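Working notes for the structure below.
The values are calculated or read from the model by the stated rules, or taken from the named source; none is laboratory data. Keep in mind it's a predicted model, so treat the numbers as computed, not measured. Cβ coordinates were reconstructed from backbone atoms using ideal geometry, including for glycine residues, and neighbour counts include every protein chain displayed.
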Amino acid sequence: MEIEFRLPSLGADMERATLTTWLKKPGEAVHRGEAIAVVETEKGLIDIECFDEGIVSALIVEPGTKIAVGTVLARLTAAGTGVPPTSVPRAAAPATAAAAAAPAVRVPPPPAAPAAAGPAGEAAARLRISPAARRRAQELGLTDAALGRLAAGGMGGIVHIEDIERLAAGGAAAAPAADARDAMRVVIGNAMARAKREIPHYYLGHTIDFAAARSFLQRHNAGVPVAERLLEGILIAKAVALAAARIAGFNGYFRDGRFERAPEVNLGMAIAVRGGGLVAPALLAADRKDLRTLMHEFSELVSRVRSGHMRSGEFTAATITVTSLGEDGVEAIYPIINPPQVAIVGSGCVVERPGVCEGSVAVRPQLTLTLAADHRVTDGRAGARFVCTIAELLAAPEKLR
Amino acid sequence: MEPQDLRARILALLMTIAPDIDPATLDPVQDLREQFDFDSMDRLHFATAISEEFHIDIPEQDYPQLAALQKSCEYVQKKLTAA
């Protein structure tokens, strides 16, 4: 069976992209979830992953071509039809073309040094340093300044070991001069302008006692190695995911004039990109995973953002988002919904305040939760129920496991 | 361990967990949070990497001692000497 591999949707306000690099050649096998092409968008370089198994039969689009979402990029021969029996056949699911592929984002690095101009098609391969490449660079005795220049290309590719070797051998690393930061700012600006224009936001704020959550985290973290410790953010994420699954009207998309409830909570986690910018990849099915699993996945998400290798589903899958400015010391954030989502929950920093506990005033850790939600879907009353559910869950954190 | 070796190893760990920073611009005494917008996950990754590399336990209350490169080197040196 022939499968048409199309350019998937790349999220709000991104309708076109430029194919920069093919990662597969005709005749090569593609496994489920593998990236087969890299495209360039305003939000950075995106690895396009394929969610079918098969053999590449034809690459249709030439690198350097600007293409619209939905364009057929390549054809695959499906696993099970004329491919070696070793490849794993996928369960019947005749994936629609749009579902057959999904994007992954490579986050542009902060431009650390003036970048040399180079052909756009070369951009993908060499703009960021993977840990492996860095180790190789250290073996070769490359100076940090040399690596900095290599990494400073500005568009957010990955510096592979081969690039390090080439640099060591004296070859010039071509890098584009495009200002990735500005491009990302434009995309964020467009999406937020659309949100402000189209979504009648309403806002709620609620300050909660965070003592139970904090002592739960301290107890847990004191007894486990560093790698297994939990962050406040993951507890909040889990509470939001559970509340979003329970209270209708906050988890899903508003499209074509109506609300579509999502079957599971793919929780977007707003992650700041160093040097400016923001991405919000999702923790998939966060309502059904335990804290340990969520923490592990969140840790990997952040690592992928930092190293510039975001994965497909994560980037466009979020059905609701959480954003935190606690790190920066502000008490409350009034966020803007990321369309087509219908809600976003903000959390500020935990502050010590006088609070009433069991009839007397005491110093208590407090956290302010905020909700921005879409008035086309819910009213403040439902929003209050949603926020209070999050608060109740955080008051009994042992149940969040 | 020689201080410069320790420092090189810790810097290598830092680059592994934060490949998006430019080591050429790193100020060893300034807070990583101020310099590179380190967030709680970056700090946890850094503490994890150090803990695993040097086989030392790092209680949560010690995290502030890993706030900058120089401080981290001193902290690890102290832990290794005490062990």
key: Restricting the stretch A:224-276 to residues that are farther than 23 Å from A:L393 by Cα and of a type in the set (G, A, S), the residue that is nearest to the other protein chains (Cβ to nearest Cβ)   = A:A227
message = If I filter the stretch A:20-77 down to residues being small (G, A, S) and in contact with a helix residue (DSSP H, G or I) (Cβ under 9 Å, 6 or more places away or on another chain), which single residue comes out as surrounded by the fewest Cβ atoms within 10 Å (Cβ to Cβ)?
response = A:G64
task = Test A:D374 against the stated conditions and say whether it is on the phi < 0 side of the Ramachandran plot and modelled with pLDDT of 95 or more.
result = yes
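Quick one: would you say A:R185 is part of a loop (DSSP other than H, G, I, E, B) and either more than 14 Å from chain B (Cβ to nearest Cβ) or closer than 30 Å to B:E34 by Cβ (or both)? Working first, answer last.
Details: part of a loop (DSSP other than H, G, I, E, B): no; either more than 14 Å from chain B (Cβ to nearest Cβ) or closer than 30 Å to B:E34 by Cβ (or both): yes.
So A:R185 fails the test.
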key: Residue in the stretch A:274-314 that is modelled with the lowest pLDDT, counting only those that are closer than 16 Å to A:E264 by Cα and surrounded by 22 or more Cβ atoms within 10 Å (Cβ to Cβ)   = A:E314
task = Considering only the stretch A:351-401, state which residues are touching a His at 6+ places or on another chain (Cβ under 9 Å) and small (G, A, S).
result = A:A372, A:A373, A:A384, A:A391
task = Filter the stretch A:229-259 for residues that are assigned to a helix (DSSP H, G or I) and more than 22 Å from the chain's Cα centre (by Cα) and give the result.
result = A:R246
task = Examine the stretch B:61-69 for a residue that is assigned to a loop (DSSP other than H, G, I, E, B) and closer than 21 Å to A:E327 by Cα, and state whether such a residue exists.
result = yes
task = Can you tell me which residue within the stretch A:326-358, out of those that are within 14 Å of chain B (Cβ to nearest Cβ) and outside any loop (DSSP other than H, G, I, E, B), is surrounded by the fewest Cβ atoms within 10 Å (Cβ to Cβ)?
result = A:D328
remark   = Considering residues that are farther than 13 Å from A:G205 by Cα and surrounded by 24 or more Cβ atoms within 10 Å (Cβ to Cβ), the number found within the stretch A:371-386 is 1
query = Among (1) within 14 Å of chain B (Cβ to nearest Cβ); (2) of a type in the set (A, V, I, L, M, F, W, C); (3) assigned to a loop (DSSP other than H, G, I, E, B), where does A:F298 come up short?
reply = (3)
